[in-house]
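In what follows, a single structure is set out as structure tokens and then discussed.
The values are calculated or read from the model by the stated rules, or taken from the named source; none is laboratory data. Computed from a predicted structure; not experimentally measured. Ideal geometry is used to build each Cβ from the backbone, glycine not excepted, and the neighbour counts take in all protein chains shown.
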Amino acid sequence: MRRSTTTAVEEDADEAGLEPTDATRRLLLLMRTGAIDEAIARELGVSPRTVHRRITRLQDLLGVRSRFQLGVIVCERGWV
């Protein structure tokens, strides 16, 4: 079995380059309205836990600690 030679940082950079997907944009637009996770989950047809996981993944991907920071960064990047 061949091992990958990419590092976690390189993988994160690659993943960040693929963002924002349509699903990410929709999530961010719903967050922008101030909707709570449960309402976002209903709108997207997923569980609140899935919404939380997706938001946490974006925070990790962009290196931010709070949803506020996430909002600032995605606006600066033109994602919403």
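Could you list, in sequence order, the residues of the range 44-72 that are aliphatic (A, V, I, L, M), more than 11 Å from the chain's Cα centre (by Cα) and part of a helix (DSSP H, G or I)?
Within the range 44-72, L44, V72 qualify.
Of everything in the range 34-71, what is of a type in the set (V, I, T) and either surrounded by 14 or more Cβ atoms within 10 Å (Cβ to Cβ) or modelled with pLDDT under 95 (or both)? Give them in sequence order.
I40, V46, T50, V51, I55, V64
Return the residues of the range 61-76 that are farther than 16 Å from A23 by Cβ and either in contact with a Phe, Trp or Tyr (Cβ under 8 Å, 6 or more places away or on another chain) or without any contact (Cβ under 8 Å) to a residue 40 or more places away in the chain (or both); say none if nothing qualifies.
G63, V64, R65, S66, R67, F68, Q69, V72, I73, C75, E76, listed by residue number.
Scanning the range 16-33 for residues that are assigned to a helix (DSSP H, G or I) and in contact with a Lys or Arg (Cβ under 9 Å, 6 or more places away or on another chain), which turns out surrounded by the fewest Cβ atoms within 10 Å (Cβ to Cβ)? Explain how you work it out, then say what you get.
Step one: of the range 16-33, the residues assigned to a helix (DSSP H, G or I) are 16-18, 22-32.
With the extra rule that they be in contact with a Lys or Arg (Cβ under 9 Å, 6 or more places away or on another chain), the set shrinks to 23-24, 27, 31.
Values: A23: 12, T24: 18, L27: 21, M31: 20.
Step by step, filter the range 16-33, then rank; the result is A23.
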